[in-house]
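The values are calculated or read from the model by the stated rules, or taken from the named source; none is laboratory data. On a predicted model such as this, the values are computed, not experimentally measured, just so you know. Cβ placement follows ideal geometry from the backbone for every residue including glycine, while neighbour counts extend to all protein chains displayed.
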Amino acid sequence: MGSNPRFHTTKWSVIVAATRTRSDPDSRKALEHLCQAYWYPVFAFIKRGGRNREEALDLTQGYFSSLLEKGLLRAADPERGRFRSFLLATVKQFLSDERKKAGALKRGGEVAFVSLESALHEERQRADTRDGQSPERAFEQQWALTVFRHAHQRLAQEFADAGKQDQFRLLQGHLSGDRASRSYTEIASELGATEGSIKMAVQRLRQRFGQLLRDEIAQTIDENADLDAEVRHLLSVI
């Protein structure tokens with residue numbers, strides 16, 4: 001799904017406040033982008049709870065439709081909390097309500113978050129069905145992976161905009177600090193640079209990724225929340 005420049009400067013607490021006080025199309029659009037960005041952890045939670053892929057996708061669509069169209073957002077407290085905590089609490093309530101309904105119709109409403117094809121594509125790239133993993137653990141892990149993926153995509157786009165796609169392709173293996181498939185010497189040779197300059201480039205790459213990661217996380221927490229604590233938490237669940 002595409003990135004929206006406005007989303008990256010709009011905290012979810014600001015969206016909640018704007019949505020509560022007035023009908024704000026920009027706020028609604030920003031919230032839609034926030035939900036579209038983080039639909040997969042909800043899908044993983046529902047699926048890990050025992051639903052098959054089609055049922056989980058249907059319920060995911062229904063949940064986000066309810067969130068946007070039926071006033072669930074009024075339950076959010078913009079003064080505290082995290083978007084991930086809000087989603088997890090309200091999707092549990094949504095599923096509880098759904099179990100009370102017999103013969104529920106297909107859900108979806110006006111907002112279609114993802115197609116079955118997209119869900120299948122996401123599942124090929126992620127591991128959300130590990131043995132013994134609870135639905136809550138699946139949600140937390142996929143949330144963390146989603147945040148990291150968004151930051152990585154933004155970093156890749158910055159390099160692409162600067163015409164440095166090849167440099168990013170070669171350097172990105174060193175982002176984590178683990179042993180990468182290509183050595184500094186090999187990368188330097190391919191790019192016609194010195195090994196020292198490649199080491200500096202990797203250092204800058206990691207610093208920029210860290211900045212983008214913190215910015216990505218900051219969009220999902222209240223202004224008064226502990227950003228460092230949230231970063232540590234997400235690192236701990238991966």
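For this structure, a couple of remarks:
- Helices (runs of 4 or more DSSP H) contained entirely in segment 137-238, each with at least 1 residues that are under 22 Å from the mean Cα position of the chain (by Cα): 165-171, 195-218, 227-237
This table checks each residue for (1) within 30 Å of VAL202 (Cβ to Cβ); (2) modelled with pLDDT of 90 or more; (3) not hydroxyl-bearing (Ser, Thr, Tyr).
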| position | (1), (2), (3) |
| --- | --- |
| THR90 | no, no, no |
| LEU120 | no, no, yes |
| ALA138 | no, yes, yes |
| ALA151 | yes, yes, yes |
| ALA156 | yes, yes, yes |
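- Qualifying residue in segment 210-223 (condition: more than 30 Å from VAL16 (Cα to Cα) and polar (S, T, N, Q)): no
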